[in-house]
Structures are given as structure tokens and as C-alpha cells.
Amino acid sequence: MSVHELNELLLICSLVLLIAVAAVRISSRSGLPSLLLYLGIGIAIGQDGIGNVEFDNAELTQVIGYAALVVILAEGGLGTKWKEIKPALPAAVVLSTVGVAVSVGITAAAAHYLVGLDWQQALIIGAVVSSTDAAAVFSVLRKVPLPSRVTGVLEAESGFNDAPVVILVVAFSTVGPIDSWYVLVGTIAMELAIGAAVGLGVGFLGSFGLRHVALPASGLYPIAVMAIAVTAYAAGALAHGSGFLAVYLAAMVLGNAKLPHAPANRGFAEGLGWIAQIGMFVLLGLLVTPSKLGDDFWPAVIIGLVLTVVARPMEVWVSLLPFRIPWQEQALMSWAGLRGAVPIILATIPMVSGIEGSERVFNIVFVLVVVYTLVQGPTLPWLAKALRLGDSSGAADLGVESAPLERLRGHLLSVAIPEGSKMHGVEVAELRLPPGAAVTLVVREEKSFVPGPATVLRRGDELLVVATDPVRDATERRLRAVGQGGKLAGWLGTGGSTAVTQPKGPHSHWPNLPFTKRTSG
């Protein structure tokens with residue numbers, strides 16, 4: 001590639017990125033997941049579009065898609081709050097394993113008996129479309145706050161079900177007879193166990209290192225966090241485990257470890273995630289040939305109808321039967337099973353493997369994802385409100401960023417009070433921070449001042465709180481408790497009554513304050 005060609009490539013890529021960023025605004029107003037707009041950009045510049053760019057390299061698409069999925073899963077893991085998904089974890093695990101099996105069986109049967117595909121192609125389609133996409137789901141639910149159990153199950157499921165689905169698609173895409181079902185189940189269990197062990201191990205080691213090693217520049221922390229997450233994926237994959245599960249779990253550990261500059265870490269990961277999504281969807285749009293989709297439109301609609309109306313509800317019902325989840329929440333989870341980037345990327349695996357009819361499988365999956373995202377996406381907020389699952393009563397959480405003061409053995413907490421926070425109207429003295437912590441500065445309407453004990457805090461304020469090492473975690477817990485429960489959080493509780501163990505060390509003599517940790521619901 002010459003320098004001139006590089007300049008042309010950079011110009012095209014930058015223009016595509018700018019158009020894609022502008023498309024996010026359209027997506028947020030229309031309620032459609034942004035993936036459809038990105039796919040449209042790829043189709044527009046493809047061989048059947050105005051750009052007339054010819055691209056048919058399925059193997060390169062698969063490689064880039066895998067790399068993008070690693071970044072997207074890492075960003076999702078960093079943004080996952082352990083306290084929210086912990087109660088929903090058993091249900092999400094069953095939904096992403098047993099539920100996947102139910103969905104694959106029903107969808108594959110429909111593809112075979114209703115559409116006429118042979119069993120290998122039917123099983124591939126059944127496995128491919130059994131993976132849900134968290135980005136697609138939550139992009140249309142931003143303005144509809146839901147109970148934490150619903151969001152926890154959906155978020156954890158989307159992070160966990162990629163791993164078994166990838167294993168199934170690879171197994172079904174092998175040329176030759178498939179191993180016995182018990183061998184396949186054993187392989188899935190082993191790869192998931194290895195991936196989980198590697199992900200948790202790398203995550204805990206990485207968080208320990210970042211919390212105890214002060215880097216010379218704050219901009220190095222986001223880079224280190226993403227490097228650790230990618231390390232988990234590579235190590236898990238090389239150990240013959242599930243790299244996707246490993247990267248998600250490692251990122252979740254890092255995201256909940258109270259690392260220095262945590263908001264900056266998440267912001268950096270979110271930016272990389274957007275770039276990964278844009279690049280991946282545009283590339284998938286380039287790979288598809290719209291003129292060849294006509295023959296596969298109705299088969300895709302039929303398979304998608306069975307998946308949406310029969311397979312997904314049955315998957316949710318069977319998986320959640322032991323957990324006694326109300327039917328309203330099950331109904332929303334059934335309709336919220338949006339398919340996004342993962343199924344289209346996984347549909348390239350049989351193409352690379354040389355499976356007969358793999359191009360038709362890709363076309364069916366592509367049409368299915370686009371059509372049913374158009375149907376389900378805009379109706380999700382309406383369904384949530386119709387089922388009365390909106391949870392707008394919860395107070396907004398605080399934005400807390402921590403920067404270590406290495407030589408002073410302390411931490412500087414930057415606290416942003418959002419709209420809806422119950423810290424509004426609370427006096428500084430009523431925060432009742434533990435000894436060793438103090439509010440040193442308040443920034444209000446672009447003016448800063450040193451507060452006194454009687455200073456009343458307001459929404460929109462930014463606080464600087466200095467805390468010594470032994471009371472750093474207790475200080476943040478107390479701030480979040482007041483943000484959720486107001487000045488009486490210690491007595492009335494904050495969404496629950498779970499007590500928080502107070503820190504040990506040189507400050508363990510301070511009075512027993514009734515701290516509570518925030519729980520959602």
C-alpha cells in the first residue's frame with residue numbers, strides 16, 4: 001500500500017466513522033438499534049450500492065468480527081454492576097445454557113421441516129440465532145428503567161450465551177459426522193469451566209496489580225485495563241477454553257474492583273466499543289449482497305417467527321421455571337431476545353469451513369436479524385410500559401471517580417451528584433463520613449468553594465472528598481447510601497437492610513455508623 005492509497009483509506013474510514021456517529025442520534029430518536037444503520041452504511045458502499053466496493057472475504061470478516069466482539073464484551077463487562085446481576089446470576093446461567101439448547105432444538109426443527117434445509121444447515125442456523133445481543137437490547141431501553149432482576153438477567157445472559165453458542169456453531173460446522181451429544185455437552189462444559197477460571201484469575205490478578213501499582217500517567221490506566229481484558233481472551237482461547245467468557249468475566253471483575261480513574265476506564269472502553277461495533281457492522285454490510293437476499297427472505301421470516309413466538313418464550317419459560325419469576329418479566333425477557341452482531345458473525349464460520357449451502361445460511365441469518373430487529377426494537381419500550389415494568393422510582397446513582405494519592409496514603413474521590421439523587425438538600429455534616437474522610441471542595445455552576453458543615457448540597461454539584469486508605473471504601477459506600485436513601489439512609493436503609501462490614505485498621509475505633517450498601521430493586 002502506497003502513502004497515497006493510505007491517505008485515501010484514512011479519508012474514507014474517517015468519513016464513515018463520522019456518518020456512523022451522526023447515525024447514533026437518529027437511532028436514539030427512532031428507537032432502532034444502531035446496528036441497522038451501520039449495516040445500511042456497509043450495504044450503501046458495497047457492490048450493490050453507490051460505493052460499488054467489492055468485498056467477499058468471509059475469513060477476514062470472521063477474524064475482524066472476533067476481534068470486535070472481544071472489545072465489545074470487554075466494554076460490556078466493565079459496565080456490568082456485580083450487585084445488580086448477582087441475584088440474577090443463577091437464572092442467567094440456566095438461560096444461557098439450558099435455554100440455548102431449547103432454542104437450538106426448536107429453531108432447527110422449524111428450519112428443517114418448514115423451510116426444507118438439511119439437518120446440518122438447520123442446526124447451524126438454530127445455534128447461530130440463539131445468541132442475544134445486549135447492545136441491541138439496551139440501546140432501545142435506555143429511557144425505560146426496568147427492575148434490576150430483568151436487566152440483570154438480560155445483561156448476564158447476553159454476556160454468557162456467546163460462549164456455548166460459538167462452541168455449538170463450530171461443532172455443527174465441521175465436515176463429517178458430529179460427535180455424540182454427551183461428548184458435545186462435555187466439551188461445552190469443559191471449555192466454559194476453563195474460560196471462567198482463566199477470566200476470573202486474570203481479572204483478579206489484574207485488578208490487584210492496578211490497585212497497588214501507581215502508574216505515572218492517568219491515561220495508562222484505561223490502556224492497561226483493556227490489555228488485561230484482551231489477555232484473558234487470548235489466554236482462555238489458547239488454553240482450549242472459551243475466550244469470550246474469559247474476557248467478559250475478567251472485565252466484570254475489573255469493572256467492580258474500584259480501580260483508579262474508573263469512569264475514565266469505562267469511557268475509553270466505551271469509545272473502543274463504538275469503533276468496534278461500527279467497523280464490524282459496516283464490514284458485515286459490505287459482505288452481504290442485497291440482490292441475492294430475495295430468495296431467502298421468506299425462509300428467514302418463517303424461521304424468525306418460530307424463534308420469536310415459540311422458541312424464545314419456551315426457552316425463557318423452561319429456564320426460569322425454578323426461579324418463580326412473574327409472567328410479566330418473563331414476557332419482556334422473551335420479547336427482548338434481540339439478535340445483533342454475534343449471529344451474523346457466527347454465520348461466517350460455516351462459510352470459512354466450506355459447508356455446503358453456507359452462503360444461504362448467512363443470507364437467512366442476515367435477513368432474520370434485520371427484519372426482527374425492526375419489529376422488536378421499537379416495540380420494546382412500549383411493551384415494558386404496557387406490562388408496568390418501568391421502575392422510575394429509584395434514585396440516580398452517584399458518579400464517583402477515585403485517584404490514588406500514593407505518597408499521602410490516601411485517595412481523592414470526585415463525586416458528581418446527578419438529577420434524581422437524594423443527596424440533594426443534604427448538609428455536609430449530615431453525610432456523616434467516617435473519621436479520615438472529609439469534603440474539601442464543592443464545584444457549583446462552574447464556581448468552586450470550600451464547604452462548611454452546614455453547606456447544603458445540590459443536584460449538579462461536584463464534590464472533592466479526601467479519604468485515607470483504611471476508610472476509602474467505607475467512604476464511597478456511605479456516599480452512595482446517602483445518594484440512594486438521603487440523610488436518613490443509615491436508619492431507614494437504602495433499598496435494603498444489608499449491613500456493611502466496617503474497615504479494620506488504625507481507624508477501627510470510630511463509632512459504629514449504620515452504613516448500608518445500595519441494593520437495586
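Summary of values
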quantity	calculated
Residues of region 454-485 classified as aliphatic (A, V, I, L, M), within 12 Å of Ala416 (Cβ to Cβ) and either modelled with pLDDT under 90 or assigned to a helix (DSSP H, G or I) (or both), total	1
So Pro343, is it closer than 15 Å to Leu287 by Cα, modelled with pLDDT under 90 and not hydrophobic (A, V, I, L, M, F, W, C)	yes
Residue count, region 143-170 (criterion: more than 13 Å from the chain's Cα centre (by Cα) and at pLDDT below 80)	7
Subset of region 258-316 (residues that are closer than 30 Å to Arg480 by Cβ, assigned to a helix (DSSP H, G or I) and not acidic (Asp, Glu))	Ala262, Pro263, Ala264, Asn265, Arg266, Gly267, Phe268, Ala269, Gly271, Leu272, Gly273, Trp274
Index of the failed condition, Val352 passing every other in (1) within 20 Å of the chain's Cα centre (by Cα); (2) at pLDDT 85 or above; (3) closer than 21 Å to Val128 by Cα	(1)
Selection from region 435-452 of residues that are crowded, with 18+ Cβ neighbours inside 10 Å and over 18 Å from Gly410 (Cβ atoms)	Val442, Pro451
Selected residue (criterion: surrounded by the fewest Cβ atoms within 10 Å (Cβ to Cβ)) from residues of region 401-418 that are part of a loop (DSSP other than H, G, I, E, B) and at pLDDT 80 or above	Pro418
Selection from region 427-444 of residues that are farther than 16 Å from Glu476 by Cβ and in contact with a helix residue (DSSP H, G or I) (Cβ under 7 Å, 6 or more places away or on another chain)	Glu430
Qualifying residue in region 317-327 (condition: assigned to a helix (DSSP H, G or I), closer than 30 Å to Leu284 by Cα and either out of contact with any Asp or Glu (no Cβ under 7 Å at 6 or more places or on another chain) or in contact (Cβ under 8 Å) with a residue 40 or more places away in the chain (or both))	no
Single match in Arg432, Arg459 (criterion: under 32 Å from the mean Cα position of the chain (by Cα) and either over 25 Å from Pro260 (Cβ atoms) or surrounded by fewer than 19 Cβ atoms within 10 Å (Cβ to Cβ) (or both))	Arg459
Count - residues of region 340-374 that are out of contact with any helix residue (DSSP H, G or I) (no Cβ under 8 Å at 6 or more places or on another chain) and assigned to a helix (DSSP H, G or I)	1
Options Ala300, Ala336, Ala341, Ala311; residue that is surrounded by 23 or more Cβ atoms within 10 Å (Cβ to Cβ) and touching a Phe, Trp or Tyr at 6+ places or on another chain (Cβ under 7 Å)	Ala341
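A quick yes/no check of all residues on (1) under 21 Å from Leu346 (Cα atoms); (2) without any contact (Cβ under 8 Å) to a residue 40 or more places away in the chain:
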{"residue": "Glu155", "(1), (2)": "yes, no"}
{"residue": "Ile167", "(1), (2)": "yes, no"}
{"residue": "Gly186", "(1), (2)": "no, yes"}
{"residue": "Gly199", "(1), (2)": "no, no"}
{"residue": "Leu210", "(1), (2)": "no, no"}
{"residue": "Thr231", "(1), (2)": "no, yes"}
{"residue": "Met252", "(1), (2)": "no, no"}
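Condition check ((1) at pLDDT 90 or above; (2) in contact with a Ser or Thr (Cβ under 7 Å, 6 or more places away or on another chain); (3) assigned by TED's automatic domain parsing to the domain that holds Asn161) across all residues:
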{"position": "Leu39", "(1), (2), (3)": "no, no, yes"}
{"position": "Asn52", "(1), (2), (3)": "no, no, yes"}
{"position": "Asn57", "(1), (2), (3)": "no, no, yes"}
{"position": "Gln62", "(1), (2), (3)": "no, yes, yes"}
{"position": "Leu69", "(1), (2), (3)": "no, no, yes"}
{"position": "Gly76", "(1), (2), (3)": "no, no, yes"}
{"position": "Lys86", "(1), (2), (3)": "no, no, yes"}
{"position": "Leu95", "(1), (2), (3)": "yes, yes, yes"}
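The values are calculated or read from the model by the stated rules, or taken from the named source; none is laboratory data. Model, not experiment: these values are computed from the prediction. Note: ideal-geometry Cβ built from the backbone for every residue, glycine included; neighbour counts use all protein chains shown.
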